[in-house]
Amino acid sequence: MGHPLGGDLSAAELAFEHLPALVWLVEGADHVVVAANRAARASVGGLDLLGMPIRLAGPVLPGTRLLHVLDEVYHSGEPGSIVEPDALTSVRPVTKDDTVTGLVVQVMDMSQPARRTDREVTLDLQRVVLPEGLPVLPEVSMAAAYLPAAAEDAAGGDWFEVVPMPGRRLGLVVGDVVGNGTTASAVMGQLRAITTSRLSLGDELSEVMDALDAFASTAPDARGATVCVAVVDRNTGRLEYCTRGHPPPVVVSAGGDARVLPQPSLPPLAFGDGDFMAAEETLWPGETVVLYSNGMVERPSKTIVDGIDTLVAAAGAAVRRNGTHPRNAADRVCQTAVDLVDGGRFLRDDASLLAVTVLLPSVQPLELAAPAKAAQLTEVRHQLGQWLMSLQLTEDDLVAVELSVIEAVTNSIEHAYPDGRGTVHVKAALDDRGRIRITVSDTGVWKPPDAEPGFRGRGLLMMRESMDEMRLSTTSVGTEVEMAKIVRRPVRAHTGRLVPLRDATTVRIETTSEPGTVHITVAGWLDTTTAPRLRSAILEAARGGRMPITLVLNEVTVLGSAGLRVLIEQGRRLADAGRPLRVVARPTSPAGNVLAMSGADMILDVRPHA
C-alpha cells in the first residue's frame with residue numbers, strides 16, 4: 001500500500017506536534033479549534049479549547065489583533081499576518097471547492113533573539129565604546145560620522161573623540177586599530193579611554209602620545225594602531241597636532257579654500273623610537289579642521305593621496321556651495337564626506353570623520369518675559385524650540401530641556417499667579433563647558449507642595465530627572481528655578497539623529513474602533529494647552545458601550561504634567577466603572593520615559609506595544 005503524497009501520515013503528525021511554533025487549525029466562521037500542537041496547547045495553560053471557538057482563550061491569545069485578522073482571512077480568502085516585537089503570526093486559509101472552510105494559524109516566538117553574526121556583535125560593541133554625541137560649545141560647531149565596513153569580517157577599529165580641556169582648549173582625536181571584529185573594537189575602547197582621561201586632565205600633547213605609545217607597546221593587539229591627536233586653543237585658534245601613521249588633518253577656510261596640513265612623519269603606535277614630533281597651525285575665525293581615518297579616503301585603484309585630494313576638493317566645494325553659514329560648515333563637510341564613501345558603494349574599511357569649526361560668534365542667550373497665562377505657553381515653547389533647534393541637539397537632550405522649561409513655566413503660571421496677573425521670566429544660555437543653564441523666575445506667591453503632591457510633584461520630579469542639576473529657591477519676592485544640563489550633538493550613522501524643526505503648537509488625536517477595543521492614537525504635544533482635547537477624546541470614546549480603551553502615545557513628543565493628569569484621572573474613572581484604560585508607549589519614547597520617571601506606570605496599565 002502506498003504512502004500519502006509527502007510521506008507517512010504518522011510522521012507528518014509527529015512533525016506537527018513538535019514544530020517550534022504555535023500552530024492552530026480552526027474551522028468555520030466562529031473559528032472553532034479542531035487541532036492544536038503541543039506548543040499551542042501549552043500557550044493557553046490548562047485550557048482545553050478543542051471544539052471551542054478560539055476567542056474563548058481571551059487574553060492568553062498571542063497578538064492583539066488576532067481575532068480581527070482571522071475574520072479578515074476567513075472572508076477574503078487572502079493570507080494575513082501580524083508582526084509584533086515578540087511574535088510573528090501568520091494566518092492562511094484552508095479551502096475546499098474554492099470555499100474557505102478553516103484557517104491555519106502559526107505563531108513564531110520572536111522574543112528569543114536569533115543567532116547574531118560576528119559583524120552585528122562587533123557593531124554593537126563599536127556603538128557602545130564610541131561617543132554617543134559631541135559637545136555643544138558656544139563658539140565651536142562640530143560634526144562627526146562613523147560608517148562601518150560592509151564586509152562581514154571588516155568592521156570594527158575606527159574611533160574618534162572630542163574632549164573639552166582645561167584652559168578653554170579642545171582635544172580632537174581620530175584613530176584606527178589594526179584588524180577588525182570584536183578584538184579591534186575592544187582595543188579601540190582602551191585607546192579611547194586613555195586619550196579621554198589624559199586630555200580631560202589637561203595633559204600636554206606629548207604626554208598623551210607617550211601614554212598611547214606605552215599602552216600599544218605592551219598590548220599586542222594595539223601595536224600598529226594609527227592616530228591623529230590635535231589640541232585647539234578656543235581663544236586664539238592655535239592648533240597643535242601629531243599624527244602616528246595616520247592621514248594629516250585638512251583645513252577648510254570660511255570661504256571654501258581647503259588645504260592639507262604638513263604631516264610630521266612618525267610611525268604607528270609601538271613602532272617608534274620614543275621621539276615626539278608635533279606641528280602647529282593657526283586657525284582663523286570660521287575655519288574648519290577635519291580629522292579622518294583611512295576609510296574616508298581609500299578608493300579602488302587610487303592612492304591614498306588621490307583620496308585625500310578628492311576629500312579636500314569636496315570639502316571646499318561643500319563650504320562654498322550656496323554660501324554655507326559658518327555654523328553649518330562642519331555639518332556640510334561631514335555630510336559631503338559621507339556621501340563620497342556611502343553613495344551605494346561597498347565600504348572596504350570602517351570610515352570615520354570629525355569636522356570642527358572654530359572661533360565662531362558665540363551662541364546668544366535666550367531671554368523671554370511671558371505673561372502668566374496658559375495661552376502663552378505656545379509662544380514660550382515656540383521661541384525656546386527655535387533656540388534649541390539652532391544648537392542641533394540630540395533628540396533626547398532637546399526633549400529633556402523643552403519638557404523641563406515648560407514644566408517650570410507651567411508651575412509659575414498655575415501657582416505663582418492665581419489671578420493670571422504677572423510675568424514669568426525665562427533665561428537660557430550655553431556655557432563654556434557645553435552646559436545649557438536655564439533660569440525660570442517669577443515674582444508671585446510660592447505655594448508649598450501638598451502632602452500628596454499629585455501632578456505638581458510629578459512635574460518637579462521630571463525636571464530633576466531630565467536635567468543634570470535642578471535647584472528651587474523661594475523668597476519673599478518670588479520663586480526661581482535654576483537648571484543645567486550638559487548637552488550633545490548627534491553623530492551620523494550610528495547614534496542620535498538631528499531633529500527636524502517641527503510645529504509644536506498642535507496635537508493630533510485619532511479615534512478608531514476595532515473588534516473588542518477603541519483605539520485613541522495621539523501625536524504631538526500633550527501639555528496644558530492640548531490636554532483638554534485628550535480628555536474630550538477619552539470621554540467621547542467612553543460614552544456608551546463597555547469596550548476597553550487603548551491609548552497609543554508612541555508619537556507623543558512631549559508629555560507634560562497636564563497630560564499626565566488627564567491620563568491618571570481618566571484611568572481611575574474608567575477603572576471605577578469597570579472599564580480598563582490601556583496606555584501604549586515604547587519605553588524609549590518621550591511618553592514612555594515620562595510615564596516611568598513620574599511613577600505613572602505604577603498607576604496606569606502601561607504597555608510597550610498594543
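The values are calculated or read from the model by the stated rules, or taken from the named source; none is laboratory data. What you see is a predicted model; the values in this text were computed from it and never measured. Cβ coordinates were reconstructed from backbone atoms using ideal geometry, including for glycine residues, and neighbour counts include every protein chain displayed. What goes into the accessible areas is simple: the full protein's heavy atoms, side chains included, and nothing from ligands, DNA or RNA. Shrake-Rupley method; radii C 1.70, N 1.55, O 1.52, S 1.80 Å.
Would you pick out the residues in region 271-299 that are more than 30 Å from A216 (Cα to Cα) and exposed (fewer than 13 other Cβ atoms within 10 Å of the Cβ)? Spell out the reasoning first.
The initial filter retains those residues of region 271-299 that are more than 30 Å from A216 (Cα to Cα), namely 282-288.
Within region 271-299, T282, W284 meet the criteria.
Taking the condition of being in contact with a Pro (Cβ under 9 Å, 6 or more places away or on another chain) and basic (K, R), how many residues in region 257-312 meet it?
Residues that pass the stated criteria total 0.
If we scan region 59-66, do we find a residue that is part of a helix (DSSP H, G or I), open to solvent by less than 20 Å² (accessible area, probe 1.4 Å), at pLDDT 85 or above and not assigned by the TED database to the domain that holds R586? Steps first, please.
First, pick out the residues of region 59-66 that are part of a helix (DSSP H, G or I): 59-60, 66.
Applying the additional criterion that residues be open to solvent by less than 20 Å² (accessible area, probe 1.4 Å) yields 66.
Then keep just the ones that are at pLDDT 85 or above; that gives none.
No, region 59-66 contains no residue that is part of a helix (DSSP H, G or I), open to solvent by less than 20 Å² (accessible area, probe 1.4 Å), at pLDDT 85 or above and not assigned by the TED database to the domain that holds R586.
Please work out which one of (1) part of a helix (DSSP H, G or I); (2) at pLDDT below 85; (3) open to solvent by less than 20 Å² (accessible area, probe 1.4 Å) is the condition L534 fails and give its number.
(2)
Need the failing condition index for P267 against (1) more than 18 Å from L130 (Cβ to Cβ); (2) in contact with a helix residue (DSSP H, G or I) (Cβ under 9 Å, 6 or more places away or on another chain); (3) open to solvent by less than 60 Å² (accessible area, probe 1.4 Å); (4) without any contact (Cβ under 8 Å) to a residue 24 or more places away in the chain, just the number.
(2)
Regarding R437, is this residue touching a strand residue (DSSP E or B) at 6+ places or on another chain (Cβ under 7 Å) and open to solvent by 10 Å² or more (accessible area, probe 1.4 Å)?
Numbers: touching a strand residue (DSSP E or B) at 6+ places or on another chain (Cβ under 7 Å): yes; open to solvent by 10 Å² or more (accessible area, probe 1.4 Å): yes.
For R437, the condition - touching a strand residue (DSSP E or B) at 6+ places or on another chain (Cβ under 7 Å) and open to solvent by 10 Å² or more (accessible area, probe 1.4 Å) - is met.
What tally of residues in region 352-379 results from selecting those that are under 29 Å from the mean Cα position of the chain (by Cα), more than 30 Å from V312 (Cβ to Cβ) and crowded, with 19+ Cβ neighbours inside 10 Å?
2
Can you tell me how many residues in region 77-98 are under 16 Å from L25 (Cα atoms), open to solvent by 70 Å² or more (accessible area, probe 1.4 Å) and free of Cβ contacts under 8 Å to residues at least 12 places away in the same chain?
The total comes to 1.
Do you know which residues across region 248-276 are at pLDDT 90 or above and under 18 Å from G171 (Cα atoms)?
Applying the first criterion (at pLDDT 90 or above) to region 248-276 yields 248-262.
Matches in region 248-276: P248, P249, V250, V251, L261.
Going residue by residue through region 389-400, is there one that turns out to be open to solvent by less than 10 Å² (accessible area, probe 1.4 Å) and part of a loop (DSSP other than H, G, I, E, B)?
Looking for residues that are open to solvent by less than 10 Å² (accessible area, probe 1.4 Å) and part of a loop (DSSP other than H, G, I, E, B), one finds at least one in region 389-400, hence yes.
Can you tell me how many residues in region 583-602 are exposed (fewer than 15 other Cβ atoms within 10 Å of the Cβ) and either modelled with pLDDT of 70 or more or assigned to a helix (DSSP H, G or I) (or both)?
Initial filter on region 583-602 (exposed (fewer than 15 other Cβ atoms within 10 Å of the Cβ)): 587-588, 599, 602.
From what is left, the residues that are either modelled with pLDDT of 70 or more or assigned to a helix (DSSP H, G or I) (or both) are 587-588, 602.
Residues in region 583-602 being exposed (fewer than 15 other Cβ atoms within 10 Å of the Cβ) and either modelled with pLDDT of 70 or more or assigned to a helix (DSSP H, G or I) (or both): 3 in total.
Checking the conditions here, which among V229, V178, V173 is under 22 Å from M296 (Cβ atoms) and open to solvent by 30 Å² or more (accessible area, probe 1.4 Å)? Reasoning before the result, please.
Details: V229 fails: open to solvent by 30 Å² or more (accessible area, probe 1.4 Å); V173 fails: open to solvent by 30 Å² or more (accessible area, probe 1.4 Å).
Exactly one of V229, V178, V173 is under 22 Å from M296 (Cβ atoms) and open to solvent by 30 Å² or more (accessible area, probe 1.4 Å), namely V178.
Can you pull out the residues in region 431-455 that are at pLDDT below 65 and charged (D, E, K, R)?
Correct list: D450, E452.
(1) of a type in the set (D, E, K, R); (2) under 29 Å from L170 (Cα atoms); (3) not in a strand (DSSP E or B): which one isn't true of R381, the others all being true?
All conditions are met except number (2).
Name the single residue that is farthest from the chain's Cα centre (by Cα) among those in region 471-488 being outside any strand (DSSP E or B) and of a type outside the set (S, T, N, Q). Steps first, answer last, please.
Step one: list which residues in region 471-488 are outside any strand (DSSP E or B), which gives 476-477, 487.
Applying the additional criterion that residues be of a type outside the set (S, T, N, Q) yields 477, 487.
Details: V477: 41, V487: 14 Å.
Result: V477.
Could you tell me which residue of region 182-225 is nearest to N294 (Cα to Cα), considering only residues that are open to solvent by 20 Å² or more (accessible area, probe 1.4 Å), in contact (Cβ under 8 Å) with a residue 40 or more places away in the chain and touching a Ser or Thr at 6+ places or on another chain (Cβ under 9 Å)?
R223
Given the criterion among the hydrophobic types (A, V, I, L, M, F, W, C), loosely packed, with under 15 Cβ neighbours inside 10 Å and modelled with pLDDT of 80 or more, identify the matching residue among A29, A39. If you could, list the steps in order and put the result at the bottom.
Numbers: A39 fails: loosely packed, with under 15 Cβ neighbours inside 10 Å.
Every option except A29 fails the conditions.
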